[in-house]
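Working notes, beginning with the structure itself.
The values are calculated or read from the model by the stated rules, or taken from the named source; none is laboratory data. On a predicted model such as this, the values are computed, not experimentally measured, just so you know. Counting neighbours? That spans all protein chains shown, and the Cβs are built from the backbone with ideal geometry, glycine included. Keep in mind that these areas ignore ligands, DNA and RNA; they rest on the heavy atoms of the full protein, side chains included. Shrake-Rupley method; radii C 1.70, N 1.55, O 1.52, S 1.80 Å.
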Amino acid sequence: MRLLAGLLGLLAALAGSPGPASAQDKPGAFDFYVLALSWSPTYCLSPKASPQQCKGAVSHRFVVHGLWPQHETGYPDYCARTAPYVPDATIAAMADLMPSKGLVLHEWRKHGTCTGLTPDGYFALVREARGRVVIPQALSAGTLPPMTSRQIEAAFALANPGLAPDMMAVTCEDGHFSEIRVCLGKDLAFRSCPEVDRRACGASRTLTIPAPR
């Protein structure tokens, strides 16, 4: 009886233990990217905000939150048990787009490892993706008035020919504009992304846009 009980206990433990990574979390196995551009002044309102990003000599507006591989439904993450090392020179070279070492390392571990690229290859792609998106003049200078999600998307569409509302999503936090998420194919061309678009703030919701310091 003790032997039987022990075997049953072992089987239960095996059934409850985590299995191998999902087939959807294999490096390189994804459908498209989301380029997330964070409005830094909103992020910097958080008590957990990075001093490196929020209290340095440079006052940031849009920063790259990340370049995220996506499935048509859901997304892969943490695709390597031990993420390859990111050289200090690579981290330093990203400071103009991702002004926090912690952000660079987190994005590599969570999302970069799912691309199938090396750290240098991934961050070169991040830079290339960022270069595909023009920041609208209406969001580039001065203190900004409140805007609706629809107005923010319209400004990005006007500045980026071929970018349509169903290819991006505005996110918000506590009534503040938080992020614009732009969907890109593996060739970095704009493309639709219904699931990402559905997670956006309501199109008619008016959002405050905190001013850079």
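Restricting the stretch 135-160 to residues that are at pLDDT 95 or above, under 30 Å from Gly121 (Cα atoms) and not in a helix (DSSP H, G or I), the residue that is most open to solvent (accessible area, probe 1.4 Å) is Ile135. Name the residues in the stretch 161-171 that are closer than 24 Å to Ala211 by Cβ and either in contact with a His (Cβ under 9 Å, 6 or more places away or on another chain) or surrounded by fewer than 22 Cβ atoms within 10 Å (Cβ to Cβ) (or both), would you? Listed by number, the list holds a single entry, Thr171.
Pairs meeting the criteria (first residue in the stretch 133-161 and closer than 19 Å to Ala200 by Cα and of a type in the set (Phe, Trp, Tyr), second residue modelled with pLDDT of 95 or more and part of a loop (DSSP other than H, G, I, E, B), beta carbons under 7 Å, at least 6 apart or on different chains) are Phe156/Pro136; Phe156/Leu163.
Filter the stretch 92-104 down to the residues that are open to solvent by less than 40 Å² (accessible area, probe 1.4 Å) and either within 17 Å of Gly28 (Cβ to Cβ) or in a loop (DSSP other than H, G, I, E, B) (or both) and list them by number. Reasoning before the result, please.
Initial filter on the stretch 92-104 (open to solvent by less than 40 Å² (accessible area, probe 1.4 Å)): 94, 97-100, 103-104.
If the condition is that a residue be open to solvent by less than 40 Å² (accessible area, probe 1.4 Å) and either within 17 Å of Gly28 (Cβ to Cβ) or in a loop (DSSP other than H, G, I, E, B) (or both), then Met94, Leu97, Met98, Pro99, Ser100 are the ones that fit.
With respect to the conditions (1) under 12 Å from the mean Cα position of the chain (by Cα); (2) over 26 Å from Ser192 (Cα atoms); (3) of a type outside the set (Lys, Arg), Met94 falls short on a single one, namely (1). Just one of the listed residues (Glu128, Glu107) is open to solvent by 40 Å² or more (accessible area, probe 1.4 Å), among the acidic types (Asp, Glu) and in contact (Cβ under 8 Å) with a residue 12 or more places away in the chain, and it is Glu128. The residue of the stretch 57-86 that is least open to solvent (accessible area, probe 1.4 Å), among those that are in contact with a Pro (Cβ under 9 Å, 6 or more places away or on another chain) and under 21 Å from Pro212 (Cβ atoms), is Val63. Could you go through the stretch 197-208 and let me know if any residue there is under 18 Å from His60 (Cα atoms), part of a loop (DSSP other than H, G, I, E, B) and in contact with a helix residue (DSSP H, G or I) (Cβ under 6 Å, 6 or more places away or on another chain). No, the stretch 197-208 contains no residue that is under 18 Å from His60 (Cα atoms), part of a loop (DSSP other than H, G, I, E, B) and in contact with a helix residue (DSSP H, G or I) (Cβ under 6 Å, 6 or more places away or on another chain).
Just one of the numbered conditions (1) of a type outside the set (Phe, Trp, Tyr); (2) surrounded by fewer than 16 Cβ atoms within 10 Å (Cβ to Cβ); (3) in contact (Cβ under 8 Å) with a residue 24 or more places away in the chain is not true of Leu188: (2). For the stretch 129-156, the set of residues classified as hydroxyl-bearing (Ser, Thr, Tyr) and under 22 Å from the mean Cα position of the chain (by Cα) consists of Ser140, Thr148, Ser149, listed by residue number.
Which one is nearest to Leu188 (Cα to Cα), of the residues in the stretch 114-125 that are open to solvent by 10 Å² or more (accessible area, probe 1.4 Å) and in a helix (DSSP H, G or I)?
Initially, the stretch 114-125 is screened for residues open to solvent by 10 Å² or more (accessible area, probe 1.4 Å), giving 115-121, 124-125.
Next cut, in a helix (DSSP H, G or I) only: 119-121, 124-125.
Details: Pro119: 18, Asp120: 18, Gly121: 14, Ala124: 13, Leu125: 9 Å.
My answer is Leu125.
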